[in-house]
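Q: The structure under discussion is supplied below as structure tokens; questions concerning it will follow.
The values are calculated or read from the model by the stated rules, or taken from the named source; none is laboratory data. As the structure is a computational prediction, the values presented were derived from the model and not from experiment. Neighbour counts run over all protein chains shown; Cβ positions are idealised from the backbone, glycine included.
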Amino acid sequence: MKALTPASFRLATVLVVSAVIAILGCGSGSSSPPAPVDVDSDLPLPLAAGIAPTPPMGWNTWNTFSCNISEKLIQQTADAMVATGMQAAGYQYINIDDCWSTKDATGVRADGEALVPDPAKFPNGIGPVADYVHADGLKLGIYADRGTLTCGGFPGSEGHEVQDATTFAGWGVDYVKYDNCPPSPTPSAAEQESEYQAMGAALAASGRAIVYSLCAWNFYEWGVSLGNLWRTTTDIKPTWDSVVANLQTNQAFAAYAGPNGWNDADMLEIGNFTTPDQETPDILTQYQAHFSLWAIMAAPLILGNDLRGSQMSAAVRAILTNPEIIALDQDAFGYQGVQVWTDGGDLSVWAKPLNASGARGVVMLNAGAAPADVTFDLSQIGLRDGSATARDLWAQADLGSFKQTFTRTVPATGVVALRVNGVEPLRPSGTQVYLSDLEWTYASNGLGPIEKDESNGASDPGDGTPLSLRGTGFTKGLGVAGPSVAVFRLAQSCSTFSAQVGVDDATKGGGSVVFQVWADGTKLFDSGVVTGMSAAMPVNVDVTGVRRLKLLVTNGGDGASLDRADWADAQLGNCM
Ligand code: GAL
């Protein structure tokens, strides 16, 4: 039998006392459940400081209008954003994409040559457009490019970063999307990085708070400390398959997402699959799924449809302004939902902790062509065994309580989106508590599941080898593959966290990662780059008062090959 922890002892005491009261007939006669024990009094956490504490919400010209853009379009869209109630729902950026400037006659900008707005499209320049958008209470975004030419062949910012950032700030721009053309000749990784960094530094020095949106079509780890959002995918298209493809690509980088730095699965295509008069119920179901999936992933919500007049149907407007799905995206905890179950085919369940005790966002996805039942278990979404309640975010209706598992029939190419309220895992208790003896509340891992008390082998559970760092074996610990994150609920119960970290001997000297320990948004430890040759590194941090402990392993800046990383001997000390 398992020893009782103080918290489970408290629960057991409550249960025994209630049972005795019931047997003796001394109670009120009601069979109300015991008062919940062990509830966080420390959630919600406050919204993070910074320019993008939650994923940016707005609109962009590209998906619908391509190069057919103008001052009038921007003004009309800003007005529509307000009139349709979308601003009130949270959208704030109106972003001009490629093709806003004039082309350079020689093809390449001379030293000091400024970007010039196309007088046919923006006869008054960009500054007055920014003023107009600001007068609506909205913010203006613009597009630029790290190379010599944008993807549309307009002048790029290479070598002009400070000049362009100064120009944008002078116009009152609030958001810069920075593209990655020309694609050929392919720039080296180092060149891309330094060009993106040059604009980042220029924006930071511009004197204006400007959201920096990296559009390098791929995830690069250097983007994490540089941008407020970074594209992880190729260009989205207005099709169901493209939505699912971008979901799959974007999920791999969940470990890196959080306040002020978001994985960008690309702009929304809701409203763009067909013209409004062709919108069938099936297409609206797909739009609901697209919106729900971006929301569970905490992806930026940048609309790509025409918001003006009858170009946006009432049904699409209702989808895009659903307050409960928007709240799922904008949750201040800032976790990117991860796939917690899949049948290996079209069916999957995605979940993330929300910023309230026992609250989880859940999206059940059926990507296939026929309706199907999908089930999840409380343990899969990081809640304690027992019962929980669910709320349907599309129906905006409470579904009542359920015991342990929840099943729903999910429509073809559709979702069921839920907010589930249950009970958090027990607080750790004891003088020495190994993390591998606890349940995490959230985890994402580069290859298969995080392993307990063994290294991360390949993609199957339990396929690792004994934890080993430079010849020293460890019986306890977590074996992960970068990029990886695991979040444990400490609930202010413990005072220390310690471990020996390193790349497991299974890689035979290969692999390189960075280990980081985070406490409620504050970094407590950073190993710097650790390779398969580095000695095990001790971690000893004070976690007094910490609510959530986050263990992050990055890919070390060089891709995830051989990044089998061990949190050996990982343990909490003095947990009350
Ligand atoms: C692509 C980018 C698109 C759009 C386009 C404009 O590289 O991914 O989102 O900005 O360029 O040319």
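Q: Of the conditions (1) farther than 25 Å from ALA351 by Cα; (2) under 21 Å from the mean Cα position of the chain (by Cα); (3) of a type in the set (A, V, I, L, M, F, W, C), TRP440 satisfies every one except a single condition; which number is it?
A: It is condition (1) that TRP440 fails.
Q: Examine the stretch 89-101 for a residue that is of a type in the set (Val, Ile, Thr), without any contact (Cβ under 8 Å) to a residue 24 or more places away in the chain and under 27 Å from GLN192 (Cα atoms), and state whether such a residue exists.
A: The answer is no; no qualifying residue exists.
Q: A further question on this structure: Could we say that ALA209 is touching a Gly at 6+ places or on another chain (Cβ under 9 Å) and part of a loop (DSSP other than H, G, I, E, B) here?
A: no
Q: Can you say whether LEU115 is aliphatic (A, V, I, L, M), modelled with pLDDT of 95 or more, within 20 Å of ASN180 (Cα to Cα) and away from the ligand (no atom under 14 Å from the Cβ), as far as the supplied structure shows? Full working, then the answer.
A: Details: aliphatic (A, V, I, L, M): yes; modelled with pLDDT of 95 or more: yes; within 20 Å of ASN180 (Cα to Cα): yes; away from the ligand (no atom under 14 Å from the Cβ): yes.
Taking the combined requirement at face value, the residue satisfies it.
Q: Would a scan of the stretch 131-141 turn up a residue that is within 16 Å of the ligand (Cβ to nearest atom), of a type in the set (Gly, Ala, Ser), over 17 Å from CYS181 (Cβ atoms) and part of a strand (DSSP E or B)?
A: yes
Q: Among the residues of the stretch 348-384, which ones are touching a residue at least 40 places away in the same chain (Cβ under 8 Å) and of a type in the set (Phe, Trp, Tyr)?
A: Hit for the stretch 348-384 is TRP350, nothing else.
Q: So, one more: If only one of ALA144, ALA165 is crowded, with 23+ Cβ neighbours inside 10 Å, within 16 Å of the ligand (Cβ to nearest atom) and under 23 Å from PRO128 (Cβ atoms), which one is it?
A: On inspection, the qualifying residue turns out to be ALA144.
Q: Let me ask something else about it. Which one is surrounded by the most Cβ atoms within 10 Å (Cβ to Cβ), of the residues in the stretch 102-130 that are in contact with a Phe, Trp or Tyr (Cβ under 7 Å, 6 or more places away or on another chain), in a loop (DSSP other than H, G, I, E, B) and not hydrophobic (A, V, I, L, M, F, W, C)?
A: The qualifying residue surrounded by the most Cβ atoms within 10 Å (Cβ to Cβ) is LYS121.
Q: Take the stretch 75-101 and flag every residue that is within 16 Å of the ligand (Cβ to nearest atom), in a loop (DSSP other than H, G, I, E, B) and out of contact with any Asp or Glu (no Cβ under 8 Å at 6 or more places or on another chain).
A: Scanning the stretch 75-101 gives ILE96, ASP97.
Q: Can you name the residue in the stretch 169-201 that is crowded, with 18+ Cβ neighbours inside 10 Å, more than 14 Å from LEU140 (Cα to Cα) and hydroxyl-bearing (Ser, Thr, Tyr) and is also farthest from the ligand (Cβ to nearest atom) among such residues?
A: TYR196
Q: Test ILE325 against the criterion of being among the β-branched types (Val, Ile, Thr), in a strand (DSSP E or B) and over 23 Å from PRO449 (Cα atoms), and give yes or no.
A: Working: among the β-branched types (Val, Ile, Thr): yes; in a strand (DSSP E or B): no; over 23 Å from PRO449 (Cα atoms): yes.
Criteria not met by ILE325.
Q: LEU328 versus (1) among the hydrophobic types (A, V, I, L, M, F, W, C); (2) closer than 29 Å to SER379 by Cβ; (3) within 16 Å of the ligand (Cβ to nearest atom): which is the lone unmet condition?
A: (3)
Q: I've got another one for you. Restricting attention to the stretch 409-460, which residues are assigned to a loop (DSSP other than H, G, I, E, B), of a type in the set (A, V, I, L, M, F, W, C) and in contact with a strand residue (DSSP E or B) (Cβ under 8 Å, 6 or more places away or on another chain)?
A: ALA412, VAL423, LEU438, TRP440, LEU447, ILE450
Q: Looking for something buried (at least 23 other Cβ atoms within 10 Å of the Cβ) and more than 30 Å from LYS72 (Cα to Cα) - is there at least one such residue anywhere in the stretch 307-316?
A: The answer is no, given that none of the residues of the stretch 307-316 is buried (at least 23 other Cβ atoms within 10 Å of the Cβ) and more than 30 Å from LYS72 (Cα to Cα).
Q: Could you check how many residues of the stretch 207-220 are crowded, with 21+ Cβ neighbours inside 10 Å and either away from the ligand (no atom under 16 Å from the Cβ) or β-branched (Val, Ile, Thr) (or both)?
A: Qualifying residue count, the stretch 207-220: 2.
Q: Something else: Among the residues of the stretch 166-201, which ones are under 23 Å from TRP262 (Cα atoms) and touching a His at 6+ places or on another chain (Cβ under 9 Å)?
A: Answer for the stretch 166-201, where residues must be under 23 Å from TRP262 (Cα atoms) and touching a His at 6+ places or on another chain (Cβ under 9 Å): just ASP174.
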